[in-house]
Amino acid sequence: MISDSTVTSSAASSFSALLHDLRAAGPVLWINPQRSGEAAVQTVVDGRGISLADVEAAQARFVRFAPLLAKLFPELAASGGAIESPLVAAPGMQRALGMPPGAGSLWIKCDHSLPVAGSIKARGGIHEVLEFAESLALEHGLVTPDGDYGDYAALADAPARALFGRYQVAVGSTGNLGLSIGVMASALGFRAAVHMSADAKAWKKARLRARGVEVVEHAGDYASAVDAGRRDAAADPYCYFVDDERSLSLMLGYSAAAPHLKAQFAAAGVSVDAEHPLFVYVPCGVGGAPAGIAFGLRQYYGPHVHTFFVEPTQSPCFLVEMLSPGASVYDFGLTNRTEADGLAVPQASELAAEAMRLLLSGVCTVLDDTLFLDLHRLRESEGLQIEPSAAAGFSGPGMLMRTDAGRAYLKQHGLEGVMPRATHLVWTTGGLFVPPDEYARFAERGAALAATV
């Protein structure tokens, strides 16, 4: 456990207050004292330096596989096999959130609508399955390193399916990562298994089973499901385990969103520079997805992008990891129980935390009721439907601009005078495939909460 003396803070009293509120499961904003303001920051993960070249390599892999993806998934025909989401301005939600005048503009990166998997996990999960499939295809001569990208469409044919069918792809998940891994692996012809924790939603299990994916249910939490999957995979030489806690491939798959977002901002006339800072708010579970997003954006925008992770008050595993490496939310007296099932993780990825030590701006936490309230506000103001975990980021702008910690951050980085020209980007992470009756329950709870505000 930690004490006031083990973490750098601008004031011991403010840090003590943060610890008190964190342990009491109240909303907090923690600012990362190690964030670097340098234009170029070397990021080292597991002893390996990663850079823009790694982001571009992940993006190139998606491009190589696009003909195959368009062949496997009819919903990708119009995009030529690209898996991407819209960027939308959200003035109605900005008003609903009560963002103060001169705060800048609110935008939404709509990963809740990503095709194939219906969540942000389509990025990292699909990337890692494709990377594994590509390694097998190259090894067996089904594609060549300098071959035409159209050759990858042949990986849907019998020789490739016979090869892939010899292998199992497995993962431990609370839901959305399992969907992305299971759907992609099954579509390629792999045997797919998803170890799911007790808090995974029943409809996500049903959707996987409908795709021919083996769902292995566990009574424990996310960590228990991952451990079980990891053990099973270690005993089978033909099982490839996607390890959300330790996977660089997953993280780099998420990072490939950055170049596309850069192009979307350019098309929308949105600048990001010293006079036009970008604030990004990403829901966080184990940490791989938001870390990949943060890493990718930093490669393009340098210190002018300020990324904040947002977690449930009972499951702030990334904040706990940043405060006390190796600790879990249970060590802080928290329950890890939240309606945001995709964020119900007790212990963060050490790999993601290592990558974020010098890049992350901060972490804020949000009450479950606020998730439902913002889910309701988003539907009413912009007509967008998301799941509760995907609403976490909407608390970010308020925490930044209305708390002492947030205002101190803006002052420290000389941002107070440029806030009218700032862009606030909330990353929504899941919800496309939520069953109508399930979403109706979410909306009813949100509407009831709105009536009391």
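Suppose R0 equals 30 Å; then what is the FRET efficiency for residue 268 and residue 357 from their Cβ-Cβ distance, rounded to the nearest 0.05?
0.40
Lys and Arg at +1, Asp and Glu at -1: add these up for the other residues within a Cβ distance under 14 Å of residue 240 and post the number.
Within the 14 Å Cβ shell, the charges total -4.
Kindly state, to the nearest 0.05, the FRET efficiency for residue 411 paired with residue 14, given R0 = 25 Å and r defined as their beta-carbon distance.
0.95
Which value at 222 nm does the chain reach when only helices count, each DSSP H run of 4 or more adding -39,500 (n - 2.57), with the total divided by all residues and rounded to the nearest 500 deg cm²/dmol?
Per the formula, -13000 deg cm²/dmol.
Grab the other residues whose beta carbon is less than 11 angstrom from that of residue 393, score K and R as +1, D and E as -1, and report the net.
Once all neighbours under 11 Å are counted, the net charge is -2.
For region 166-178, take each phi angle, set θ = phi - 60°, evaluate the Karplus expression 6.51 cos²θ - 1.76 cosθ + 1.60, and give the result in whole Hz per residue in order, putting x for glycine and proline.
Computed from phi, the couplings for region 166-178 are 6, 10, 10, 10, 10, 7, x, 7, 8, x, 5, 5, x Hz.
Sketch the reach of a paramagnetic label on residue 161 as a point 7 Å from Cα along Cα-to-Cβ, and name the residues of region 59-80 whose backbone nitrogen lies under 12 Å away.
72
Just the Cα atoms of region 121-248, one point each, no solvent: what log10 I(q)/I(0) does Debye give at q = 0.12 Å⁻¹?
Log10 I(q)/I(0), no solvent term: -0.43.
How much of the DSSP bridge set in the chain is antiparallel, in percent, rounded to the nearest 5?
25 percent
What order do you get for 201, 121, 109 when you list them from fewest to most C-beta neighbours inside 10 Å?
201, 109, 121
Give me the aspartates and glutamates in straight-line cross-link reach of residue 411: C-alpha distance below 16 Å, same-chain residues under 8 apart excluded.
Reachable aspartates and glutamates: 275.
Give 201/262; 204/262; 109/204; 121/262 a once-over and call out the pairs whose C-alpha atoms are over 29 Å from each other.
201/262; 204/262
Only the coordinates and a few stated rules stand behind these numbers; no lab work does. Model, not experiment: these values are computed from the prediction. A quick note on method: Cβ atoms are made from the backbone with ideal geometry, for glycine too, and the neighbour counts reach across all protein chains shown.
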